[in-house]
Amino acid sequence: MLAPSQPELQDRIVALRGGIGSVPGVRVSGVHAGIKRRKRDLALIAFDREQACAAVVTTNDVKAAPITVSSEHIASGMGVRALVCNSGCANACTGERGERDARATAAQAAALLEIAPQQVIVASTGVIGVPLPLDRVQRGLERCVEQLDEGLKAAHDAAEAIMTTDRVPKLSAYAFYHDAKRYTIGGIAKGSGMIAPNMATMLAFLATDFPATQGDLQRSLAAAVDGTFNMISVDGDMSTNDAVYLCAPQGSQPLPAIFEQVVGKVALDLALAMVDDGEGATKRLEVRIVGARDSDQARAVARAIVNSSLVKTALYGEDPNWGRIIAAAGAARIGLETDRWSLALNDRRWVERGAIETLSEAEAHRELEEREIVVTLDLGLGDAIATAWGCDLSRDYVRINASYRT
C-alpha cells in the first residue's frame, strides 16, 4: 500500500483515545491523597521541557487562591513544567492561608521534579471555604511523581482525580499533520455542575507537542473557549475556580490553521462531555441560532435559551412548550422582532412566522423523547449564526446539590 502523500497528510486529523496522555513529552498521574474519602483526588501533569502556557480563567469577582497564584506563575515567563490539580477542596475564600497553601503545593511539586516553583500551575476544585489539607496534598504528590506515565491509563487516572460530582472522566485527543510531521493535541477536563455560559464550574488542561509562542497560544485558546466552553450551560452558575490551560513547547513560528481547528475540536469534545454529564442530566439540548443581525446577537440569544431554567425543566418533562424558548430569547433584549422569527425542532418545522404552529403537540412531544434535542431559531434579521449547548434540569439535580456537603 502506498503511503499517504504530503497534501493528504496536511488535512488529516485522527482521533486518539489517550487524552492528554497521548501527547509526546507529557507524563501524567492521578492518585488518592486522602482529600476525599475513597476516590482519586490529586492529579499531576509533567512536561519534559519548558512550555508556553495560555490561560482563560473565571470572570467571577471572587477568584480562588490557585487562580491568583497560577496567573502570577504564568506572568513570570519562566516556562511551565508541571500542573497540579486536587479535587475535594476548592481552596477558595480561604484568605492568606489559601494563597500560602497554593504556593506550598507548587513548591512541593517543584522540589520533587527539580524545577522552580514558578514553573508549576496549581488548580483546585471542590467545596468553597474549606482550607486545603496541605499535608495530604504534599504526601500525595510524592506518589504522583512516582506514578508519572504516558498513555490512556495514566490520563484516565488523572482525569478521574480532578472529578467532583462528575460521573465519568473526560478526555479528548487528536493527531494532525503539518509539513508532513505528526503532532498531537490532547486534554482532560472536569465539569458537571455550576456550569453556565461564560466559563463554567470546570477545569480543562490541554497540551500539545506543536511549538508555539505564548501570544499565539493565547489567541488560539481564547478563540476555542469562546465557541465551546463559553457556550455551554448546566445550571447557570459560575464558579470561583474555572480555568482552561493550554501548554505547548516554546516556539517562534506562526500557528497553522489546522492547529486552531484541532484545539477547537478537543475543546468541543470536552465541553459536550460536560453537558452530557451535567448533574442529573437526562438530555442534551443544542440551540442553533440563525438569521441574526450579528454574532453578538446570535450568541446572546443562544445563551439565554440554554441558560433558562424554564426551558431546561420543560425539556426534562418533554413538554413542547415553545413559548418558554421564545420568552427566553426575548429576555436577552437584543432586538427580537416578534413577526419575523420561526422555530424548528430536530430539523422539523415547529412554529412558522406569526407564531403559527406546524407540529401538533403530540408530534412535538415525540421529538422531545429523544436523548439529544436540536432547536433551531431563525430570527429572520440577517446572516449571523451561533450554537450553544445545555441539558435538562431534573429532580436529581436538586437532590445532588441539596446534599453536596453532606
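The values are calculated or read from the model by the stated rules, or taken from the named source; none is laboratory data. All of these numbers come straight from a predicted model, not from anything done at the bench. Neighbour counts are summed over all protein chains in view; Cβ atoms, including those assigned to glycine, are modelled from backbone coordinates with ideal geometry.
Could you please give the count of residues in region 270-306 that are over 19 Å from the mean Cα position of the chain (by Cα), among the β-branched types (Val, Ile, Thr) and crowded, with 24+ Cβ neighbours inside 10 Å?
3
Any chance region 252-260 includes a residue that's closer than 26 Å to GLU150 by Cα and touching a residue at least 60 places away in the same chain (Cβ under 8 Å)? Explain how you work it out, then say what you get.
Keep residues of region 252-260 that are closer than 26 Å to GLU150 by Cα, which gives 255, 258-260.
Then keep just the ones that are touching a residue at least 60 places away in the same chain (Cβ under 8 Å); that gives 258-259.
Scanning region 252-260, I find at least one residue that is closer than 26 Å to GLU150 by Cα and touching a residue at least 60 places away in the same chain (Cβ under 8 Å), so the answer is yes.
Please specify each residue of region 279-299 satisfying the condition of being modelled with pLDDT under 95 and of a type in the set (Gly, Ala, Ser).
GLY280, ALA281
Going by the structure shown, is ARG349 surrounded by fewer than 17 Cβ atoms within 10 Å (Cβ to Cβ) and in a strand (DSSP E or B)?
Numbers: surrounded by fewer than 17 Cβ atoms within 10 Å (Cβ to Cβ): yes; in a strand (DSSP E or B): yes.
When the stated conditions are applied, ARG349 passes them.
For region 354-406, which residues satisfy the criterion of being modelled with pLDDT under 95, among the polar types (S, T, N, Q) and outside any loop (DSSP other than H, G, I, E, B)?
ASN401, the sole residue that qualifies.
Condition test on ALA331, is it aliphatic (A, V, I, L, M), more than 30 Å from THR165 (Cα to Cα) and not assigned by TED's automatic domain parsing to the domain that holds LEU270?
Working: aliphatic (A, V, I, L, M): yes; more than 30 Å from THR165 (Cα to Cα): yes; not assigned by TED's automatic domain parsing to the domain that holds LEU270: yes.
Spelling it out, ALA331 is indeed aliphatic (A, V, I, L, M), more than 30 Å from THR165 (Cα to Cα) and not assigned by TED's automatic domain parsing to the domain that holds LEU270.
Just to be sure before I move on: is LEU152 closer than 11 Å to ASN86 by Cα and modelled with pLDDT of 95 or more in the structure I sent?
no
Considering only region 248-336, give the helices (runs of 4 or more DSSP H) lying wholly within it that have at least 1 residues that are touching a Lys or Arg at 6+ places or on another chain (Cβ under 8 Å).
On the way: elements: 257-276, 295-306, 309-316, 322-331.
Result: 257-276, 295-306, 309-316.
Report every pair of residues separated by at least 6 positions or lying on different chains whose Cβ atoms are under 8 Å apart, first residue within region 318-340 and acidic (Asp, Glu), second assigned to a loop (DSSP other than H, G, I, E, B) and surrounded by fewer than 13 Cβ atoms within 10 Å (Cβ to Cβ).
From region 318-340, the pairs are GLU318/GLU369; ASP339/GLY354.
Got a sec? Which strands (runs of 3 or more DSSP E) wholly within region 115-224 have at least 3 residues that are closer than 26 Å to ALA65 by Cα and touching a Pro at 6+ places or on another chain (Cβ under 6 Å)? Steps first, please.
Working: elements: 120-125, 170-178, 181-195, 200-208.
Strands (runs of 3 or more DSSP E) meeting the threshold: 120-125.
Among the residues in region 226-239, are any modelled with pLDDT of 95 or more and either among the aliphatic types (A, V, I, L, M) or out of contact with any strand residue (DSSP E or B) (no Cβ under 6 Å at 6 or more places or on another chain) (or both)? Don't jump to the end; show me each part of the working.
Narrowing region 226-239 to residues modelled with pLDDT of 95 or more: none.
Scanning region 226-239, I find no residue that is modelled with pLDDT of 95 or more and either among the aliphatic types (A, V, I, L, M) or out of contact with any strand residue (DSSP E or B) (no Cβ under 6 Å at 6 or more places or on another chain) (or both), so the answer is no.
Going by what's in this entry, would ARG49 be described as charged (D, E, K, R) and in contact with a helix residue (DSSP H, G or I) (Cβ under 6 Å, 6 or more places away or on another chain)? Step through it out loud before you land on a result.
Values: charged (D, E, K, R): yes; in contact with a helix residue (DSSP H, G or I) (Cβ under 6 Å, 6 or more places away or on another chain): no.
No, not satisfied.
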